[in-house]
Amino acid sequence: MLAHFVPSLMTKLSQQQLTLETKQSEDLAMLTKHEVDLALVTSLQGTHPQDRQVEYQALQEINFVTVASHTHPMLIEHGAHLSIDQVLEYPFVIPSKPIYGKMATNRSLDGWFDEEFNRRIMARVDTTSMLTSLVKSQPLLAYVPDYLAKEHSLQILEVSGCPYTCEQTVWLCRNKHLSAHWMQVFE
């Protein structure tokens, strides 16, 4: 997620005398303890960060999509419009940790509803770069944020017969009690 959003934030900050350091955390504790000045967090669509010390603004709504490489055998056989049953015939690569942020408790780490639509998992990886590399080079499917599919030119599949979707909001958060002049570029 950081690789997608940080460059545009840095563009806004290019006139400032700042240094960028990225850190990963499961919550907003580093922000509220003044260990960082800004935080990017995700939440399920329709919810926002729950902390009274934090100001937040929505950066982008994200929809998750099922993807394959443009040379995947499934595309040759069926095209990009598939039923959920056809999709479930093929193996997936999934995250081994929450690389896309928070998901609903009844979902897998990539937001897929495995209880209802159980997938055959061939690989578990801990980075988006490894995940996209495997999708591009192997006959594997993945369920990823739409921006990741577009950035890596992955084939987005139109899947019918599945009523579930994963939608998130990406938030830019800052501590309400911090008023550095450079933060005005985000107002």
Seminar exercise, completed: Of the residues in the range 116-148, those that are over 15 Å from Val87 (Cβ atoms) and aliphatic (A, V, I, L, M) come to Ala123, Val125, Met130, Leu131, Leu134, Leu148
Exercise. Given the structure, is Thr66 closer than 20 Å to Leu148 by Cα, among the polar types (S, T, N, Q) and either in contact with a helix residue (DSSP H, G or I) (Cβ under 8 Å, 6 or more places away or on another chain) or part of a loop (DSSP other than H, G, I, E, B) (or both)?
Worked result: yes
For this session: Evaluate the following for Thr71: is it out of contact with any strand residue (DSSP E or B) (no Cβ under 7 Å at 6 or more places or on another chain) and among the polar types (S, T, N, Q)?
Result: yes
Exercise. Is there a residue being over 30 Å from Met10 (Cα atoms), out of contact with any Leu (no Cβ under 6 Å at 6 or more places or on another chain) and at pLDDT below 95 anywhere in the range 165-182?
Worked result: yes
For this session: Kindly indicate whether any position in the range 44-54 is outside any loop (DSSP other than H, G, I, E, B), touching a helix residue (DSSP H, G or I) at 6+ places or on another chain (Cβ under 9 Å) and not assigned by TED's automatic domain parsing to the domain that holds Met130.
Result: yes
Problem set entry | Boolean, Ile76 is among the aliphatic types (A, V, I, L, M), within 17 Å of the chain's Cα centre (by Cα), on the phi < 0 side of the Ramachandran plot and not in a loop (DSSP other than H, G, I, E, B) | no
Exercise. Counting residues that are under 13 Å from the mean Cα position of the chain (by Cα), aliphatic (A, V, I, L, M) and buried (at least 19 other Cβ atoms within 10 Å of the Cβ), which helices (runs of 4 or more DSSP H) fully inside the range 81-177 reach at least 1?
Worked result: 128-137, 146-151
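The values are calculated or read from the model by the stated rules, or taken from the named source; none is laboratory data. These numbers were taken from a predicted model, which means no experiment stands behind them. So basically every Cβ, Gly included, is an ideal-geometry build from the backbone, and we count neighbours across all protein chains shown.
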